[in-house]
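Colleague: Pasting a structure below so you can have a look.
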Amino acid sequence: MNLLMSVSRNPLVLGLAVALALSGCASKNSLPNSPGELGLAANGAVPGSQQDLTLNVGDRIFFDTDSSAIRTDSAATLDRQAQWLAKYPNDAVLIEGNADERGTRAYNLALGARRAAATRNYLISKGVSAARIKTISYGKERPVAVCDDISCWSQNRRAVTVVRGASS
Amino acid sequence: MSLYRKDNQFPASRAVMAHIRLRRAAVFWAVFGHVLMASLTLMPGTAHAVVEIDITKGNVEALPLAITDFASKDDIGAKIAGVIADDLKRSGLFAPINKAAFIQKITDPNLSPRFEDWRVINAQALVVGRVTAEADGRLRTEFRLWDTFAAEQLIGQQFFTQPENWRRVAHIIADAIYEKLTGEKGYFDTRVVFVSESGPRNDRKKRLAIMDQDSANLRFLTQGDDLVLTPRFSPSRQEVTYMSFANGQPRVYLLQLETGQREIVGNFPGMTFSPRFSPDGQKVIMSLEQNGDANIYTMDLRSRKTTRLTNTTAIDTSPSYSPEGQQIVFESDRGGRQQLYVMNADGSNQKRISFGDGSYSTPVWSPRGDLIAFTKQSGGKFSIGVMRPDGSGERILTTGFHNEGPTWSPNGRVIMFFRQPAGAAGPQLYSIDLTGYNEERVQTPEFGSDPAWSPLLK
């Protein structure tokens, strides 16, 4: 549980694990032996991939209680996402809106949708084509941090940008 | 509780009407593989006195009664008596007397009991019965309810059924006793559909499940591949509406219980959620989310026509019809926080009814029409409460870390809901009397949430 939590809280751990796996594989076969030789970014992420977005840009933003307003720190993350999406125009994304567990089920589904929509609208305002962005809400059904205080609730009130590959 | 007697005439047509009712039940259940054949006979003689419980008061003192093991060749008679006793005891209105205190052993339930033997242990009422096998393999169950102090028979009925339906016979008998002694319809011959949850909190597997109201005969309706939420019973068919994330598309579905066939309700351009049937079973009312706003729609299940009822840039959800179908209660945060609103069935005349501290959500109209149950969030606590449809008379029934999602027993007497404790454990189902007394855990094999009570199985 602790490992799971640390992975989900800290994308860097996930990135390192990926990098180690990749380099281990490469050295065993005496093939290209560094992320650079593999055409990867310094931390091992394939440019334009989910790992790249998660590690080098930031894949998620957080919200205040019962709010879908884009906070200043979130706006900075979304600005980077918009720039990144401009660099990889073939990528489509799914924005997953989530709520913490301190609400009722139907309302939280709608609140997650409202957060996903606010995120999508912000990205569109920064020049990302609306056709590239879909949204979904999981309400309070997918908490990443599980405890009964603000430290967890604040991590669960989130919108996560998920790369879906080439847009159609 | 006040115990009193009054003159009462048995309606002459009672047995006939009950007979018709149960014949209809036979058809209803045939599609489900539970054929129930029943016929009723009244014993000769007319009752002149009736033992009754006054359940209009707050804390009802349970009525002591004796439920004897039904005579039978095997243990089926004792099992049926046990289910009847458990049903009545769980209601909080009856106190079945410990069998060890019984003086008379009932060997022939067709003979008048020795009333003084039952009066002396303060059994206000006595239930006796017999179970025998018919030549065709069916189970024949007879029972009689006696008023021990008036020395009168109150009910005498018999049922024929396949042996595997013995629990249903017990629930029908418990309902008959409940109705006779309280004057209200029972709710024991009913089922509950809910979400069965397993696994860690950040990776919960959720499956739709259905069981009898006493937790027996549990059956899973989905296998846990897709996230499923908020199942609700059809008032008229063996059908459930619920929300599923199948194929990554969060939508409202219909599920036929007898065939397992499922379909998406309507062709909406966004997430549909929080479904519920209209009282006639012909419509599903639900929310549609588009670009972050949620509004309330209905879909007519015959014509497939959809109708928009609200038009806001807020979250309008959790719609629930009044029992006559004329009005709808729902929650909306159009005023800033979640509050309860009532509107006409065509969407006109939307009026806020909740004005207390905190926020109000998940309203459900009582089958009796006189109350609306809700979830209330206030001061970091989640409560279950009721208020009148005009918003007056708010009463909180239970408060704690997280109580949510009330559903009514079909007689409007009991509310079931789920409770999420703080910590790693998952949610559990509970029931509570309308008075706020007699809170009981509803047993489920896994964690449980989103309960919905079926109508009385007609």
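The values are calculated or read from the model by the stated rules, or taken from the named source; none is laboratory data. The structure displayed is predicted, hence computed values, not measured ones. Note that each Cβ is placed from the backbone with ideal geometry, even for glycine, and that neighbours are counted across all protein chains shown. Only protein heavy atoms, including side chains, enter the accessible area calculation; ligands, DNA and RNA are left aside. Shrake-Rupley method; radii C 1.70, N 1.55, O 1.52, S 1.80 Å.
Colleague: Looking at B:117, B:108, B:86, B:175, which one is part of a loop (DSSP other than H, G, I, E, B) and acidic (Asp, Glu)? Spell out how you get there, then give the answer.
Modeller: Details: B:117 fails: part of a loop (DSSP other than H, G, I, E, B); B:86 fails: part of a loop (DSSP other than H, G, I, E, B); B:175 fails: part of a loop (DSSP other than H, G, I, E, B).
The unique qualifying residue is B:108.
Colleague: Tell me whether the range B:271-289 contains one or more residues that are closer than 17 Å to residue A:114 by Cα, part of a loop (DSSP other than H, G, I, E, B) and either out of contact with any helix residue (DSSP H, G or I) (no Cβ under 6 Å at 6 or more places or on another chain) or open to solvent by 10 Å² or more (accessible area, probe 1.4 Å) (or both).
Modeller: Looking through the range B:271-289, none of the residues is closer than 17 Å to residue A:114 by Cα, part of a loop (DSSP other than H, G, I, E, B) and either out of contact with any helix residue (DSSP H, G or I) (no Cβ under 6 Å at 6 or more places or on another chain) or open to solvent by 10 Å² or more (accessible area, probe 1.4 Å) (or both).
Colleague: Could you pull out the residue among B:385, B:391 that is surrounded by 14 or more Cβ atoms within 10 Å (Cβ to Cβ), on the phi > 0 side of the Ramachandran plot and among the small types (Gly, Ala, Ser)? Give the steps one after another, and end with the answer.
Modeller: On the way: B:385 fails: on the phi > 0 side of the Ramachandran plot.
Going through B:385, B:391 in turn, just one is surrounded by 14 or more Cβ atoms within 10 Å (Cβ to Cβ), on the phi > 0 side of the Ramachandran plot and among the small types (Gly, Ala, Ser): B:391.
Colleague: For residue B:272, state whether it is out of contact with any Ser or Thr (no Cβ under 6 Å at 6 or more places or on another chain) and among the β-branched types (Val, Ile, Thr). Explain how you work it out, then say what you get.
Modeller: Working: out of contact with any Ser or Thr (no Cβ under 6 Å at 6 or more places or on another chain): yes; among the β-branched types (Val, Ile, Thr): yes.
So residue B:272 passes the test.
Colleague: Let me ask another. Quickly run through the range A:103-114 and pick out the residues that are more than 8 Å from chain B (Cβ to nearest Cβ) and either more than 30 Å from residue B:286 (Cα to Cα) or in contact with a Phe, Trp or Tyr (Cβ under 8 Å, 6 or more places away or on another chain) (or both).
Modeller: Taking the range A:103-114 as the starting set, the residues that turn out to be more than 8 Å from chain B (Cβ to nearest Cβ) are A:108, A:112.
Result: A:112, single match.
Colleague: Got at least one residue in the range B:292-313 being under 22 Å from the mean Cα position of the chain (by Cα), closer than 26 Å to residue B:193 by Cα, assigned to a strand (DSSP E or B) and not acidic (Asp, Glu)? I'd like the intermediate steps shown before the answer.
Modeller: First, pick out the residues of the range B:292-313 that are under 22 Å from the mean Cα position of the chain (by Cα): none.
No, there is no match, as no residue in the range B:292-313 is under 22 Å from the mean Cα position of the chain (by Cα), closer than 26 Å to residue B:193 by Cα, assigned to a strand (DSSP E or B) and not acidic (Asp, Glu).
Colleague: On the phi > 0 side of the Ramachandran plot and within 14 Å of chain A (Cβ to nearest Cβ), is that true of residue B:230?
Modeller: Working: on the phi > 0 side of the Ramachandran plot: yes; within 14 Å of chain A (Cβ to nearest Cβ): yes.
Taking the combined requirement at face value, the residue satisfies it.
Colleague: When only residues in the range B:411-434 that are open to solvent by 40 Å² or more (accessible area, probe 1.4 Å) and under 20 Å from the mean Cα position of the chain (by Cα) count, which is farthest from the other protein chains (Cβ to nearest Cβ)? Break it down into steps so the answer makes sense when it comes.
Modeller: Taking the range B:411-434 and keeping what is open to solvent by 40 Å² or more (accessible area, probe 1.4 Å), we get B:419, B:421-422, B:424-425, B:430.
Adding the requirement that they be under 20 Å from the mean Cα position of the chain (by Cα) leaves B:419, B:430.
Working: B:419: 13, B:430: 16 Å.
Residue satisfying both the conditions and the ranking: B:430.
Colleague: Still on this structure: Could you give me the residue pairs with C-beta distances under 9 Å whose first residue belongs to the range B:378-390 and is farther than 11 Å from residue B:358 by Cα, whose second residue is acidic (Asp, Glu) and in a loop (DSSP other than H, G, I, E, B) wherever it lies, and which are 6+ apart or on separate chains?
Modeller: Cβ pairs passing all conditions: B:385/B:394; B:386/B:394; B:387/B:394; B:388/B:370; B:388/B:394; B:389/B:370.
Colleague: Say we look at the range B:242-265 and pick out the residues that are of a type in the set (Val, Ile, Thr) and either within 14 Å of another protein chain (Cβ to nearest Cβ) or not in a strand (DSSP E or B) (or both); which of these is nearest to residue B:220 (Cα to Cα)?
Modeller: Within the range B:242-265, the subset of a type in the set (Val, Ile, Thr) is B:252, B:259, B:264-265.
In the following step, the residues that additionally are either within 14 Å of another protein chain (Cβ to nearest Cβ) or not in a strand (DSSP E or B) (or both) were identified as B:252, B:259, B:265.
Working: B:252: 19, B:259: 13, B:265: 21 Å.
So the residue we want is B:259.
Colleague: Just one of B:83, B:60 is touching a Phe, Trp or Tyr at 6+ places or on another chain (Cβ under 9 Å), open to solvent by less than 40 Å² (accessible area, probe 1.4 Å) and either modelled with pLDDT of 95 or more or farther than 30 Å from residue B:430 by Cα (or both); which is it? Can you show your working first?
Modeller: On the way: B:60 fails: either modelled with pLDDT of 95 or more or farther than 30 Å from residue B:430 by Cα (or both).
Criteria check complete, one pass: B:83.
Colleague: Further, regarding this structure: Looking at (1) within 12 Å of chain A (Cβ to nearest Cβ); (2) surrounded by 18 or more Cβ atoms within 10 Å (Cβ to Cβ); (3) not in a strand (DSSP E or B), which is the only condition residue B:235 fails?
Modeller: (1)
Colleague: Residue B:184 passes all but one of (1) over 26 Å from residue B:423 (Cβ atoms); (2) at pLDDT 95 or above; (3) open to solvent by 30 Å² or more (accessible area, probe 1.4 Å); (4) not small (Gly, Ala, Ser); which number fails?
Modeller: Here residue B:184 clears every test but (2).
Colleague: Another one. Give the residues of the range A:146-168 that are over 22 Å from residue A:72 (Cβ atoms), touching a residue at least 40 places away in the same chain (Cβ under 8 Å) and out of contact with any strand residue (DSSP E or B) (no Cβ under 6 Å at 6 or more places or on another chain), sorted by residue number. Walk me through how you get there before you give the answer.
Modeller: Start the filter on the range A:146-168 by keeping residues that are over 22 Å from residue A:72 (Cβ atoms), which leaves A:146-149, A:152, A:162-168.
If we keep only those that are touching a residue at least 40 places away in the same chain (Cβ under 8 Å) too, we end up with A:146, A:152, A:162-168.
Matches in the range A:146-168: A:146, A:152, A:165, A:166, A:168.
Colleague: Suppose we keep only residues that are more than 14 Å from every other protein chain (Cβ to nearest Cβ) and of a type in the set (Gly, Ala, Ser) within the range B:266-315. Which one would you say is nearest to residue B:350 (Cα to Cα)? Working first, answer last.
Modeller: At the first step, the residues of the range B:266-315 found to be more than 14 Å from every other protein chain (Cβ to nearest Cβ) are B:266-267, B:277-284, B:298-309, B:311.
Checking which are of a type in the set (Gly, Ala, Ser) leaves us with B:266, B:278, B:281, B:303.
Working: B:266: 25, B:278: 18, B:281: 23, B:303: 26 Å.
Once the filter is applied, the top-ranked residue is B:278.
Colleague: How many residues are out of contact with any Asp or Glu (no Cβ under 7 Å at 6 or more places or on another chain) and either of a type in the set (D, E, K, R) or at negative phi (or both) when one looks only at the range B:342-367?
Modeller: First, pick out the residues of the range B:342-367 that are out of contact with any Asp or Glu (no Cβ under 7 Å at 6 or more places or on another chain): B:342-352, B:354-355, B:357-359, B:364-367.
From what's left, either of a type in the set (D, E, K, R) or at negative phi (or both): B:342-346, B:348, B:350-352, B:354-355, B:357, B:359, B:364-367.
Within the range B:342-367, residues that are out of contact with any Asp or Glu (no Cβ under 7 Å at 6 or more places or on another chain) and either of a type in the set (D, E, K, R) or at negative phi (or both) number 17.
Colleague: What number goes with the only condition from (1) open to solvent by 40 Å² or more (accessible area, probe 1.4 Å); (2) more than 9 Å from every other protein chain (Cβ to nearest Cβ); (3) acidic (Asp, Glu) that residue A:148 does not pass?
Modeller: Condition (2) is where residue A:148 drops out.
Colleague: If you take the residues of the range B:330-340 that are assigned to a strand (DSSP E or B) and free of Cβ contacts under 8 Å to residues at least 24 places away in the same chain, which of them is nearest to the other protein chains (Cβ to nearest Cβ)? Break it down stepwise before answering.
Modeller: First, the residues of the range B:330-340 that are assigned to a strand (DSSP E or B): B:330-332, B:339-340.
Retained after the next criterion (residues that are free of Cβ contacts under 8 Å to residues at least 24 places away in the same chain): B:332, B:339.
Values: B:332: 10, B:339: 11 Å.
Here the answer is B:332.
Colleague: Continuing with the same structure: Give me the residue from the range B:392-409 that is within 14 Å of another protein chain (Cβ to nearest Cβ) and either β-branched (Val, Ile, Thr) or assigned to a strand (DSSP E or B) (or both) and, out of that set, farthest from the chain's Cα centre (by Cα). Full working, then the answer.
Modeller: First pass over the range B:392-409, keeping only residues within 14 Å of another protein chain (Cβ to nearest Cβ): B:400-407.
Now narrow it down to the ones that are either β-branched (Val, Ile, Thr) or assigned to a strand (DSSP E or B) (or both): B:400, B:403-407.
Working: B:400: 23, B:403: 18, B:404: 17, B:405: 14, B:406: 11, B:407: 8 Å.
Among those that are within 14 Å of another protein chain (Cβ to nearest Cβ) and either β-branched (Val, Ile, Thr) or assigned to a strand (DSSP E or B) (or both), it is B:400.
Okay, residues lined up against (1) on the phi < 0 side of the Ramachandran plot; (2) surrounded by 18 or more Cβ atoms within 10 Å (Cβ to Cβ); (3) small (Gly, Ala, Ser); (4) free of Cβ contacts under 8 Å to residues at least 40 places away in the same chain:
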| residue | (1), (2), (3), (4) |
| --- | --- |
| B:107 | yes, no, no, yes |
| B:120 | yes, no, no, yes |
| B:123 | yes, yes, yes, no |
| B:136 | yes, no, no, yes |
| B:140 | yes, no, no, yes |
| B:146 | yes, yes, no, yes |
| B:165 | yes, yes, no, no |
| B:173 | yes, yes, no, no |
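Colleague: Now for a different question. Of all residues in the range A:115-140 being within 12 Å of another protein chain (Cβ to nearest Cβ) and free of Cβ contacts under 8 Å to residues at least 40 places away in the same chain, which is surrounded by the most Cβ atoms within 10 Å (Cβ to Cβ)?
Modeller: Of everything passing the filter in the range A:115-140, A:120 is surrounded by the most Cβ atoms within 10 Å (Cβ to Cβ).
Colleague: Of everything in the range A:92-102 that's surrounded by fewer than 24 Cβ atoms within 10 Å (Cβ to Cβ) and facing chain B (nearest Cβ under 9 Å), which residue is modelled with the highest pLDDT?
Modeller: The selected residue is A:94.
Quick grid of which residues meet (1) of a type outside the set (Phe, Trp, Tyr); (2) more than 12 Å from chain A (Cβ to nearest Cβ); (3) in contact with a helix residue (DSSP H, G or I) (Cβ under 9 Å, 6 or more places away or on another chain); (4) surrounded by fewer than 17 Cβ atoms within 10 Å (Cβ to Cβ):
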| position | (1), (2), (3), (4) |
| --- | --- |
| B:328 | yes, yes, no, no |
| B:344 | yes, yes, no, yes |
| B:352 | yes, yes, no, yes |
| B:361 | yes, no, yes, no |
| B:367 | yes, yes, no, no |
| B:371 | yes, yes, no, no |
| B:376 | yes, no, no, no |
| B:380 | yes, no, no, yes |
